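The values are calculated or read from the model by the stated rules, or taken from the named source; none is laboratory data. Predicted, not measured: the structure shown is a model, and the values here were computed from it. Please note: Cβ atoms are built from the backbone with ideal geometry, for glycine as well, and neighbour counts cover all protein chains shown. Keep in mind that these areas ignore ligands, DNA and RNA; they rest on the heavy atoms of the full protein, side chains included. Shrake-Rupley method; radii C 1.70, N 1.55, O 1.52, S 1.80 Å.
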Amino acid sequence: MAKNADLPWDVIFSTELFDTFKPNPKAYQSALRHLSLEPTQCAMVAAHTWDLRAAATVGLRTVYIPRLGEESSGAEVKTKAEGGEVDAVIHSFEELESLLTEAKKD
């Protein structure tokens, strides 16, 4: 996916590398350990609210990006500021880039 979309990702983890599966906290903690980062330095970007909830339990910031057909409940995902569960809701990787650029300024 990254190669075909020309996305400059540094690393892609599979939970199989960590001998666990999401939503086990070990999956998120292992990724942080391998990146040598604290949870506050990272964000989980996902199209599944269950994944974001689990990431939040280990201190990761959460960014929801909807993908057609991924959420079966049909419920609108809201930010914490709107009374929801996630830190941000975006609709494209361009929005993610803007969000990350703003976060770097803080």
### Test set (1) in contact with a helix residue (DSSP H, G or I) (Cβ under 8 Å, 6 or more places away or on another chain); (2) on the phi > 0 side of the Ramachandran plot - residue 83 fails condition number
(1)
### Residue satisfying condition, being out of contact with any strand residue (DSSP E or B) (no Cβ under 7 Å at 6 or more places or on another chain), open to solvent by less than 30 Å² (accessible area, probe 1.4 Å) and not in a loop (DSSP other than H, G, I, E, B), within set 55, 103, 31, 81
31
### Query
Could you list, in sequence order, the residues of region 1-60 that are under 23 Å from residue 95 (Cβ atoms), among the polar types (S, T, N, Q) and touching a helix residue (DSSP H, G or I) at 6+ places or on another chain (Cβ under 9 Å)?
41
### Query
Looking at region 14-58, which of the residues that are out of contact with any Phe, Trp or Tyr (no Cβ under 6 Å at 6 or more places or on another chain) and among the β-branched types (Val, Ile, Thr) is nearest to residue 105 (Cα to Cα)?
40
### Query
Out of curiosity, is residue 43 small (Gly, Ala, Ser) and free of Cβ contacts under 8 Å to residues at least 40 places away in the same chain?
no
### Count of residues meeting criterion [over 14 Å from residue 51 (Cβ atoms), aromatic (Phe, Trp, Tyr) and open to solvent by less than 70 Å² (accessible area, probe 1.4 Å)] in region 1-28
1
### Task
Could you please let me know if residue 68 is surrounded by 11 or more Cβ atoms within 10 Å (Cβ to Cβ), free of Cβ contacts under 8 Å to residues at least 12 places away in the same chain and in a loop (DSSP other than H, G, I, E, B)?
no
